[in-house]
Each structure stands twice: as structure tokens, then as C-alpha cells.
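What follows is one structure encoded as C-alpha cells, with my remarks underneath.
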Amino acid sequence: MTDLACETRPSRYNVVMALSNFSWLLLALPFVGCTTIPTSLRDKRLANYNPKIIATDAEYDPMQTPIAKQYKTELTQGEKVSGATLIEDGLSAFVIRAAFARMATKTIDIQTYIYSNDLSSRILIGELKNAADRGVKVRVLIDDYGTNSNIADVILLNQHPNIEVKIFNAVKNRSRILYYPQILMDFNRLNSRMHNKLFIVDNVALITGGRNVGSNYFMPETSANFSDTDVLFLGEITRGAADSFNKYWTHHLAVPAYVIPKAKSRRAMKKLEQKFAELERRSAENIRWYNKIISLAIYEFKNGLFDFCWGRGRFIADPPGKVEMSMERKEKYRGEIILALNRLWRETKNNVYVSAAYFVPGRGGMDLMRNEEKSGVHITVVTNSLSSTNAPTAFGKWEKYRDELVDAGADVYEFMMSAENLRNQRHERKKPHFSVMHSKTIVFDNKVSWIGSFNLDPRSAYYNTENVAIFESPEFAERVRDMILRDTQTSWHVTRDGKKTIWTGRRSGDKKPRTYTRDPDTTIFRRIFKKMTKIIPEKFV
């Protein structure tokens with residue numbers, strides 16, 4: 001389903017942003033090249049680059065690591081068997097990452113679009129450094145645009161002898177004033193993002209899904225909290241993820257972090273260490289509880305208490321070279337992810353449940369779904385409302401497909417901005433001020449689950465590089481389906497009365513449903529802005 005395919009920060013329509021800064025172009029052109037960095041390993045300035053972590057560091061049997069041995073019986077019960085457990089809430093997502101970093105004995109590989117400069121991200125930096133101090137080889141691959149590596153503390157880890165950090169698809173000139181002119185001059189490459197999200201430990205444990213690294217993905221107390229989905233996999237499926245990571249890691253667009261001036265700054269590293277020391281001094285009690293929670297997660301894993309479902313999985317990712325394709329090639333691109341998605345839709349006989357942050361199916365995708373409904377395949381979709389979305393440009397395109405989809409008979413829900421996120425309720429001390437759905441999850445016929453970084457929109461289909469995990473297990477599919485259905489409880493049910501669109505739902509404390517005939521919880525200015533975005537071509541949202 002090519003056209004059933006956005007996540008940028010903070011605006012998703014970079015062409016408009018670039019053009020709005022066009023006036024800087026003539027002023028900036030004379031200075032282009034003054035403070036540039038290599039953007040490719042082919043640059044002669046990197047002729048003497050020698051990786052710190054080499055192929056022989058991964059020459060070990062993942063099944064002989066302590067992590068694999070905990071579930072040896074299940075992992076050897078058949079060929080290509082993997083285990084999967086759903087990670088619904090943000091705090092669990094962070095705790096599991098930290099716990100596995102502590103259990104690592106060989107390698108940790110992280111690939112992410114965003115690595116924020118906030119508390120949870122820095123705590124994870126501390127976990128990675130502690131693992132490296134024990135001799136674990138750590139590799140971190142971050143997207144330059146998503147992370148803003150000029151200020152990211154994670155690049156400072158590159159100073160550690162057992163840690164190597166790389167920047168993917170780097171912006172050549174680091175001057176802020178020259179950023180948007182560069183987009184115009186190298187638009188084909190810089191409009192693309194490495195949107196992949198992987199956390200691989202000892203080549204046997206894999207965490208993948210929609211979460212980047214940042215407090216708004218992990219901590220429900222943040223003012224803008226992302227409601228997201230990750231999965232912890234064990235076993236064979238991790239092999240495919242590790243192979244994909246290595247392709248990106250060795251690609252010529254993955255340059256060593258030391259090309260960024262801050263990465264070499266001993267002073268910046270010393271400041272980061274001082275922050276950790278100060279945090280430790282001021283928050284001894286909190287740190288004690290934090291360590292207790294991580295230790296409990298490790299105990300549960302080592303005692304077989306993680307609730308794994310067992311089945312067969314397949315990992316798929318776009319090739320890193322996708323970002324270098326010409327615009328014409330990108331818009332005709334039909335990679336493995338698209339082909340797998342089309343095949344799963346064609347093979348589905350009964351129902352499909354979709355949880356998609358940015359749902360822009362395109363004309364081909366819309367026609368397919370309409371035909372599926374006619375043939376008896378019932379579709380349930382949960383996506384962002386206009387009030388909850390952080391991408392109103394994408395919502396402006398979703399709107400026309402939404403009404404067609406409802407008219408075709410599908411159940412459509414839009415996430416409430418003020419949703420009291422059921423996934424986080426057991427942990428929250430206070431509710432988030434602003435909830436944004438960020439999942440990219442599908443369940444086909446209650447037996448096949450689709451989880452990854454791939455948004456069902458044109459940007460994921462044509463421009464960004466993405467990854468997905470496809471897992472065959474009726475037991476696991478039931479859990480993912482139930483999670484999606486729980487999200488409908490904090491969403492507006494969208495129906496139609498003739499040509500009129502109607503939203504119905506209950507907020508916490510409501511004794512009866514509320515009904516709206518325009519986008520709930522929105523100002524007139526947001527609705528006007530949404531209408532203005534309709535002039536933007538769909539392929540650019």
C-alpha cells in the first residue's frame with residue numbers, strides 16, 4: 001500500500017520554513033564553506049578515520065550471553081523463534097532500556113532520530129557510560145537534523161574508549177544562519193531523515209517502536225507527553241535489526257561525532273560529569289529509589305517474570321541510501337516496508353486495527369481501505385485529533401480521508417488532547433497538560449502485529465528511512481489490539497450525519513457523552529491554520 005504510508009521538529013513542512021528564510025540566502029552564500037564539517041566518510045578530511053569499535057567486537061554468540069540464557073528453553077523451541085512483550089507506558093520504556101544497559105555484557109547499539117538534551121536522556125547517557133566502563137562496546141547513531149548534534153550531550157560520549165558516536169546525514173555548515181539556505185541548496189538529501197529507532201543489547205534483545213530518546217517519550221509529568229508504543233523482542237528477530245544497524249553504521253553518510261566541535265570538548269564533558277555529581281549529591285533518595293526500580297526490573301527478567309509471547313518475527317528497514325535518491329526516485333520508491341504492508345492488507349480477511357500518529361493514506365490507500373470494508377474487512381483507526389496533533393499540516397490532509405473512511409463504514413477515533421493517558425495512570429503523580437498520540441502500530445486479523453517507526457504517511461513512504469517489526473503471534477496480537485481499543489476510550493468517536501462530521505466522547509468525570517460538530521478543544525486560529533495548510537502538496541506533509 002504505497003500510498004498508505006511525519007515527524008520532524010517542530011514543523012513538518014520544511015519547504016515553507018526554508019522559503020520563509022530565503023531572504024537570508026543572498027547574505028549567506030558568501031560565507032558557505034567557512035565552518036563546514038565532513039558529511040561523508042568519502043571526504044578526504046576523514047581519510048585517517050579509524051573506528052574504535054570494529055567487526056571483531058561483535059564476534060560472539062548472542063545465545064551464549066546471560067540475557068539469552070535466561071530464556072534459553074523458549075528461544076530454542078523451534079527455528080527462528082522470538083519473544084515479544086509490549087511496552088505501553090513511557091516509564092516502563094525507560095526502565096527497561098536502563099535495565100538492559102545494566103545487563104549488557106558485550107555490545108549496545110542505539111539508532112535514533114531524536115536524542116534530546118534533557119533529564120531522562122542524560123540519565124541514559126550515564127547508564128551507557130557505566131556499561132562502557134565495564135567493557136561493553138557501545139555504538140550510538142543519531143540523525144543530525146532530529147538531534148541537533150551541535151548541542152546534544154550524547155556526542156560527548158565519543159570521548160570514551162569503549163563508546164563511538166556517529167552522526168547520520170549531517171548538515172555541512174554548522175552556522176545557524178546558514179541552515180535554511182543549505183536546505184534549498186541540498187534539499188533532496190536534507191529533506192530526508194533517518195527516522196529509525198533501535199535499542200539492541202548483546203545482539204539478542206531489541207527494543208523498537210515509536211519512541212525517540214527524550215523525557216516527553218518517557219515521563220508522564222512533562223507538559224507535552226507522547227503516548228507511544230514500543231516492543232521488547234528477544235531472539236531471532238534481533239538478528240535482522242543488528243544487520244540493518246550495521247548497514248547504517250558503515251554507510252558513508254554516517255560520520256564520526258568528532259567532526260562536531262562540541263564532541264571533542266573536554267570542558268563540555270567535565271560540565272556534564274559535574275551535573276551528574278550535583279544530581280547525585282542533591283537527589284540521593286531519588287537515586288536510591290531509581291536504582292531499586294531498575295534492580296527490580298532486572299530481577300524480574302532474570303527470574304523469567306517478563307510476560308513474553310513467542311512466535312516468529314521479521315525485521316524490515318529501508319536502506320540508508322534512500323536519503324540520497326533523487327526526488328523523482330523517492331516518489332516512485334517501493335521498498336520492502338511498502339511491499340510488506342501491501343501484502344498484509346491483501347491477505348487480511350476479517351479486521352484491521354490501526355494506531356497511527358499521522359495517518360495520510362493517499363488516494364491508493366483510501367481506495368484499498370474502502371474496498372476492504374466492502375469485502376467484509378472491518379477497519380478501526382485511532383489517530384490524533386486536531387487538538388492533540390503536533391503536526392496540523394498532516395492533519396489537514398488526513399481530514400479528507402477521514403470523512404471518506406467513516407462513510408465507507410470504518411470506526412474512526414481521534415485522540416483527545418486532554419486524554420488522561422490510561423497507559424500512564426499507574427505511574428502518574430499528575431496528568432500531562434498535553435497528550436499527543438505517537439504510535440505506529442497495526443494488527444491484522446488478530447494474529448499479525450506491525451510495530452516500528454513507520455508513520456502511515458508520504459514522508460515515511462518516500463523520504464525518511466524507517467524500520468518495522470512484523471510479528472506473528474495471536475496471543476501478542478490480541479494484546480496490541482486491546483491496547484488500541486483502550487486508546488479509543490480516551491478518543492473522540494468520529495461519525496457522519498449526511499455531510500456533517502460529528503465527534504462524540506467522554507472526558508474523565510463526564511456522566512454522559514459530549515457531542516461536537518467541529519474539531520473539539522480547538523481555537524478558531526488553529527482551525528484557520530489547518531485550512532491554510534491545505535495548500536501544501538500532500539507529498540510534503
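The values are calculated or read from the model by the stated rules, or taken from the named source; none is laboratory data. Treat the numbers as computed from the prediction; the structure is a model and nothing was measured. Note: ideal-geometry Cβ built from the backbone for every residue, glycine included; neighbour counts use all protein chains shown. Note: accessible area is taken over every heavy atom of the protein model, side chains too, but ligands, DNA and RNA are not part of it. Shrake-Rupley method; radii C 1.70, N 1.55, O 1.52, S 1.80 Å.
Considering (1) part of a helix (DSSP H, G or I); (2) closer than 16 Å to Trp249 by Cβ; (3) of a type in the set (A, V, I, L, M), the lone condition that Ile177 does not fulfil carries the number (2).
Please work out which residue is modelled with the lowest pLDDT, limiting yourself to the stretch 215-237 and to residues that are under 11 Å from the mean Cα position of the chain (by Cα) and within 21 Å of Glu127 (Cα to Cα).
Tyr217
Only one of the numbered conditions (1) closer than 28 Å to Trp492 by Cα; (2) modelled with pLDDT of 95 or more; (3) open to solvent by 10 Å² or more (accessible area, probe 1.4 Å) is not met by Glu472, and that is (1).
Test Gly78 against the criterion of being crowded, with 20+ Cβ neighbours inside 10 Å and either out of contact with any Leu (no Cβ under 8 Å at 6 or more places or on another chain) or within 15 Å of Cys309 (Cα to Cα) (or both), and give yes or no. No; evaluated as a whole, the condition is false for this residue.
The residue that is modelled with the highest pLDDT, counting only those in the stretch 19-34 that are outside any helix (DSSP H, G or I) and open to solvent by 80 Å² or more (accessible area, probe 1.4 Å), is Cys34.
Filtered by the rule that a residue be in a loop (DSSP other than H, G, I, E, B), in contact with a helix residue (DSSP H, G or I) (Cβ under 8 Å, 6 or more places away or on another chain) and surrounded by 15 or more Cβ atoms within 10 Å (Cβ to Cβ), the stretch 482-521 gives a lone residue, Asp519.
Being at pLDDT 95 or above, open to solvent by 20 Å² or more (accessible area, probe 1.4 Å) and either touching a strand residue (DSSP E or B) at 6+ places or on another chain (Cβ under 7 Å) or of a type in the set (Asp, Glu) (or both): is that true of Ala317 here? Spell out how you get there, then give the answer.
Values: at pLDDT 95 or above: yes; open to solvent by 20 Å² or more (accessible area, probe 1.4 Å): yes; either touching a strand residue (DSSP E or B) at 6+ places or on another chain (Cβ under 7 Å) or of a type in the set (Asp, Glu) (or both): yes.
When the stated conditions are applied, Ala317 passes them.
Within the stretch 38-59, residues that are over 10 Å from Val255 (Cα atoms) sit with their Cβ atoms under 8 Å from residues that are surrounded by fewer than 16 Cβ atoms within 10 Å (Cβ to Cβ), at 6+ positions apart or across chains, in these pairs: Lys52/Pro161.
Looking at the stretch 78-154, what strands (runs of 3 or more DSSP E) fall wholly within it and have at least 3 residues that are among the hydrophobic types (A, V, I, L, M, F, W, C)?
Values: elements: 81-87, 107-112, 137-143.
In the stretch 78-154, the matching strands (runs of 3 or more DSSP E) lie at 81-87, 137-143.
State all residues of the stretch 84-116 that are open to solvent by less than 10 Å² (accessible area, probe 1.4 Å), more than 23 Å from Gly135 (Cα to Cα) and touching an Asp or Glu at 6+ places or on another chain (Cβ under 6 Å); if no residue qualifies, say none. Residues satisfying the conditions are Ile87, Ala93, Tyr113. Within the stretch 155-172, can one find any residue that is open to solvent by 30 Å² or more (accessible area, probe 1.4 Å) and among the basic types (Lys, Arg)? Yes, that holds for at least one residue. Let me spell it out: the conditions are (1) in contact with a helix residue (DSSP H, G or I) (Cβ under 7 Å, 6 or more places away or on another chain); (2) at pLDDT below 95, and Asn421 meets all of them except one. Which number is the exception? Failing condition for Asn421: (1).
Which one is least open to solvent (accessible area, probe 1.4 Å) among residues in the stretch 344-364 that are modelled with pLDDT of 95 or more and charged (D, E, K, R)? It comes out as Glu347.
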